[in-house]
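Okay, so here's the structure we're looking at.
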Amino acid sequence: MAELATKAHEVIIDNSESPAAIRFPSVFNVAVSFIDRHVTEGRSDTIALRSDREEVSYGQLARRVARCGNALQSQGIGRGERILMAVKDSPLFFYAFWGAIKAGFVPVVVNTLLKAPDYRHLIEDSACVGVIYSTELAEEVVAAANTASHKPAHMLSTDAIAALMETASDSLLPAQTRPDEDCFWLYSSGSTGKPKGVVHVHRDMVVTSARYGVGILGIEQSDTVFCASKLFFSYGFGGGMTFPLWAGATIALCEELPSAEMAFRMIEKYRPSIYFAVPTLYGQQLHALESASHDLGSIRVAASAGEALPAPIFQRWQEKTGIAILDGIGSTEVLHIFISNRHGDIKPGSSGRAVPGYEVKVVDDMGNVVAPGEVGILMVKGQSNARCYWNNPEKTAQTMCGEWINTGDMYTYDAMGYYTNAGRGDDMLKVGAMWCSPVEIESKLLEHPKVREAAVVGRADEDGLIKPAAYIVAKNAADACDATVEELKQFCKSNLAGYKYPRWFAFVEQLPKTVTGKIQRFKLRQLDKL
Ligand code: 3UK
């Protein structure tokens with residue numbers, strides 16, 4: 001029975017075509033491919049998850065996913081309805097996410113570091129019928145639900161889910177979904193306004209796993225994978241969950257936030273063969289390696305994404321560890337990496353070449369492809385492109401242009417097909433791979449009594465990593481001094497997310513502006529380069 005149910009949902013990867021064709025049956029529930037398939041293929045005893053608390057085999061994983069799906073179904077949730085998930089990286093994240101999908105619900109994975117007003121927006125925007133939250137996050141999440149314009153009917157802490165799972169059945173027939181049916185969402189933030197729900201369908205996780213996970217990184221069943229980025233960030237979602245699950249590999253899981261210390265501890269304890277991190281973390285690890293040694297000998301593949309990997313970090317890491325970091329660019333909208341370096345084919349300082357299966361092009365404002373060496377907007381087309389932004393036709397139309405996605409990134413390419421990042425088309429920054437809006441930092445600075453005007457731009461630090469820099473017009477000329485800089489820095493640190501405070505301040509008499517009064521941040525960036 002289980003075997004028949006699995007067979008019906010089988011993906012066909014046709015390697016006779018180049019790139020390999022990925023074909024889906026008309027009825028397709030992706031939870032079968034990622035979870036149940038391992039049982040029917042004889043991997044029940046292989047370890048799927050390893051964490052400080054427990055080990056979970058593929059057999060146990062399949063049974064618990066079914067239990068969780070049944071537990072959710074017993075709440076009366078309907079096919080296609082959204083369940084918000086603010087769950088820390090833990091085995092229960094896997095049970096809830098895949099259980100929801102198997103039962104035909106749509107999990108909406110969100111950041112676990114948010115405050116009540118943010119969760120409130122996500123609850124209202126997604127119109128979710130339920131919220132699953134790590135018990136430690138109860139205060140923020142429950143406060144959000146209580147003040148939201150609609151209160152989700154099902155508020156389930158991870159403890160409550162675990163209790164429901166105890167009495168639930170461990171067999172569940174997969175909902176008869178289609179490959180192009182909504183499957184899960186992630187949220188992505190922009191320069192202004194609220195985060196947007198990025199809607200992905202059942203097909204998409206298969207495509208990223210086959211194209212990048214297997215095609216570029218070569219992840220296999222024998223690998224142990226550790227990804228320092230969290231599962232709510234789609235880089236971590238792929239690296240720390242979908243790619244290893246697709247391959248039947250072992251995942252090393254950690255609830256802590258990424259830091260050099262956390263990464264070294266995980267690598268030395270679980271000895272991963274595949275490691276995912278963001279450039280800022282590679283930089284922090286290199287600094288730490290100057291004064292202490294760590295055993296990184298298990299790693300055979302080291303991947304980087306989220307922000308550009310500066311060539312000096314690539315080189316220093318290679319000198320220290322003998323491993324070449326593979327930088328690649330991905331996005332929440334494409335779900336994962338679509339241009340990447342690969343072993344034996346690396347151009348340091350570039351994002352690499354198109355991942356087979358994705359088409360990319362660099363265009364001008366009119367949509368015409370630019371010549372090699374010229375800067376233009378990077379567009380990407382592939383089978384994992386998001387269907388839309390939820391309830392946001394305007395943003396959807398701006399970004400999802402027919403089969404192409406406008407990444408908002410400025411790129412050049414060369415005759416060999418290597419693509420190199422040239423900043424953003426908008427003023428957004430990626431700081432430690434996290435979105436950072438200059439407008440948000442400026443608004444905060446303007447709340448300070450000594451600030452008349454403020455403008456924020458990105459500037460490279462000594463490692464080549466981008467951090468915010470602020471230009472300030474002081475209300476009183478006398479305040480343009482070091483003491484004010486310290487005051488403003490502290491003010492930003494205590495009122496903004498930790499990574500957003502400006503690392504440099506400069507006082508100016510006026511800011512460059514357009515005739516309509518808009519700050520010309522590009523002029524400040526040019527000034528910065530002088
Ligand atoms: C920037 C990069 C230069 C770029 C992501 C891998 O970062 C991811 O997703 P987000 O939606 O942001 C996407 C934007 O981030 N970016 C990402 N990688 C690089 N810039 N070099 C890179 N290697 O502006 C892009 O448009 O948060 C990364 C996999 C999945 C992801 N979601």
Open item on the list: Of the residues SER189, SER171, SER149, SER134, only one is within 27 Å of GLY306 (Cα to Cα) and open to solvent by 20 Å² or more (accessible area, probe 1.4 Å); which?
Closed with: SER189
- [ ] Name, by its number, the condition in (1) within 16 Å of the ligand (Cβ to nearest atom); (2) touching an Asp or Glu at 6+ places or on another chain (Cβ under 9 Å); (3) open to solvent by less than 50 Å² (accessible area, probe 1.4 Å); (4) closer than 24 Å to GLY423 by Cβ that does not hold for ALA354.
- [x] (2)
TODO: Would you please list the contacts, defined by Cβ atoms under 8 Å and residues six or more apart or on different chains, that run from a residue in the range 497-508 that is touching a residue at least 12 places away in the same chain (Cβ under 8 Å) to a residue that is part of a helix (DSSP H, G or I) and exposed (fewer than 15 other Cβ atoms within 10 Å of the Cβ)?
DONE: TYR501/LYS493
TODO: Mind counting the residues in the range 391-435 that are of a type in the set (A, V, I, L, M), open to solvent by less than 30 Å² (accessible area, probe 1.4 Å) and either outside any strand (DSSP E or B) or away from the ligand (no atom under 13 Å from the Cβ) (or both)?
DONE: 3
- [ ] List the number of the failed condition for ILE329; all other conditions in (1) among the β-branched types (Val, Ile, Thr); (2) in contact with a Phe, Trp or Tyr (Cβ under 6 Å, 6 or more places away or on another chain); (3) not in a loop (DSSP other than H, G, I, E, B) hold.
- [x] (2)
Task: Scope the range 346-366; condition under 30 Å from PRO179 (Cβ atoms), of a type outside the set (Val, Ile, Thr), part of a loop (DSSP other than H, G, I, E, B) and touching a strand residue (DSSP E or B) at 6+ places or on another chain (Cβ under 8 Å); matching residues - done: SER351, GLY357, TYR358
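Does LYS493 satisfy the condition of being of a type in the set (Lys, Arg) and either within 16 Å of the ligand (Cβ to nearest atom) or more than 30 Å from the chain's Cα centre (by Cα) (or both)? Reasoning before the result, please.
Working: of a type in the set (Lys, Arg): yes; either within 16 Å of the ligand (Cβ to nearest atom) or more than 30 Å from the chain's Cα centre (by Cα) (or both): no.
No: the conditions fail for LYS493.
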Open item on the list: For a quick check of your reading of the model, give me the residue pairs whose first member lies in the range 515-529 and is farther than 14 Å from VAL456 by Cβ, whose second is modelled with pLDDT of 85 or more and in a loop (DSSP other than H, G, I, E, B), with beta-carbon atoms closer than 6 Å and at least 6 apart or on different chains.
Closed with: none
- [ ] Check whether at least one residue in the range 160-171 is assigned to a loop (DSSP other than H, G, I, E, B) and either within 16 Å of the ligand (Cβ to nearest atom) or among the aromatic types (Phe, Trp, Tyr) (or both), and report yes or no.
- [x] no
- [ ] Take the range 422-450 and flag every residue that is under 13 Å from ALA497 (Cα atoms) and of a type in the set (D, E, K, R).
- [x] GLU440, LYS444
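What number of residues in the range 267-294 are open to solvent by 40 Å² or more (accessible area, probe 1.4 Å) and either outside any loop (DSSP other than H, G, I, E, B) or within 16 Å of the ligand (Cβ to nearest atom) (or both)? I'd like the intermediate steps shown before the answer.
Residues of the range 267-294 open to solvent by 40 Å² or more (accessible area, probe 1.4 Å): 268-269, 271, 284, 287, 290-294.
This time we only want the ones that are either outside any loop (DSSP other than H, G, I, E, B) or within 16 Å of the ligand (Cβ to nearest atom) (or both), so: 268-269, 284, 287.
Matching residues across the range 267-294 total 4.
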- [ ] Taking the residues in the range 295-311 that are over 20 Å from ASP223 (Cβ atoms) and part of a loop (DSSP other than H, G, I, E, B) as candidates, determine which candidate is farthest from the ligand (Cβ to nearest atom).
- [x] PRO310
Task: Out of VAL201, VAL225, VAL141, sole residue that is β-branched (Val, Ile, Thr), within 23 Å of the chain's Cα centre (by Cα) and within 16 Å of the ligand (Cβ to nearest atom) - done: VAL225
- [ ] Inspect the range 361-373 for any residue being in the same structural domain as VAL225 (by TED's automatic domain parsing), more than 9 Å from the ligand (Cβ to nearest atom), closer than 24 Å to ILE274 by Cβ and out of contact with any helix residue (DSSP H, G or I) (no Cβ under 7 Å at 6 or more places or on another chain) and give the result as yes or no.
- [x] no
- [ ] With a cut-off of at least 2 residues that are of a type in the set (S, T, N, Q) and not assigned by TED's automatic domain parsing to the domain that holds SER189, name the helices (runs of 4 or more DSSP H) lying wholly within the range 437-530.
- [x] 482-495
Task: VAL108, sole failed condition from (1) more than 19 Å from PHE226 (Cα to Cα); (2) free of Cβ contacts under 8 Å to residues at least 24 places away in the same chain - done: (2)
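Checking the conditions here, which among VAL485, VAL451, VAL456 is more than 30 Å from ALA288 (Cα to Cα) and either free of Cβ contacts under 8 Å to residues at least 24 places away in the same chain or touching a strand residue (DSSP E or B) at 6+ places or on another chain (Cβ under 8 Å) (or both)? Steps first, answer last, please.
Numbers: VAL485 fails: more than 30 Å from ALA288 (Cα to Cα); VAL456 fails: more than 30 Å from ALA288 (Cα to Cα).
So the residue among VAL485, VAL451, VAL456 that is more than 30 Å from ALA288 (Cα to Cα) and either free of Cβ contacts under 8 Å to residues at least 24 places away in the same chain or touching a strand residue (DSSP E or B) at 6+ places or on another chain (Cβ under 8 Å) (or both) is VAL451.
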- [ ] Please work out which one of (1) without any contact (Cβ under 8 Å) to a residue 40 or more places away in the chain; (2) touching a Lys or Arg at 6+ places or on another chain (Cβ under 6 Å) is the condition TYR58 fails and give its number.
- [x] (1)
TODO: Output the residue which, of all residues in the range 440-450 that are out of contact with any Lys or Arg (no Cβ under 7 Å at 6 or more places or on another chain) and open to solvent by less than 50 Å² (accessible area, probe 1.4 Å), is farthest from the ligand (Cβ to nearest atom).
DONE: HIS448
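Say we look at the range 312-341 and pick out the residues that are without any contact (Cβ under 8 Å) to a residue 60 or more places away in the chain and open to solvent by less than 30 Å² (accessible area, probe 1.4 Å); which of these is nearest to the ligand (Cβ to nearest atom)?
Of the range 312-341, the ones without any contact (Cβ under 8 Å) to a residue 60 or more places away in the chain are 314-325, 327, 341.
Still in the list and also open to solvent by less than 30 Å² (accessible area, probe 1.4 Å): 314, 317, 323-325, 327, 341.
Values: PHE314: 11, TRP317: 15, ILE323: 17, ALA324: 15, ILE325: 10, ASP327: 5, ASN341: 9 Å.
Only one residue fits best here, namely ASP327.
The values are calculated or read from the model by the stated rules, or taken from the named source; none is laboratory data. This is a predicted model, so every value here is computed, not measured. Neighbour counts are summed over all protein chains in view; Cβ atoms, including those assigned to glycine, are modelled from backbone coordinates with ideal geometry. We work out accessible area using only protein heavy atoms, side chains counted, and drop any ligands, DNA or RNA first. Shrake-Rupley method; radii C 1.70, N 1.55, O 1.52, S 1.80 Å.
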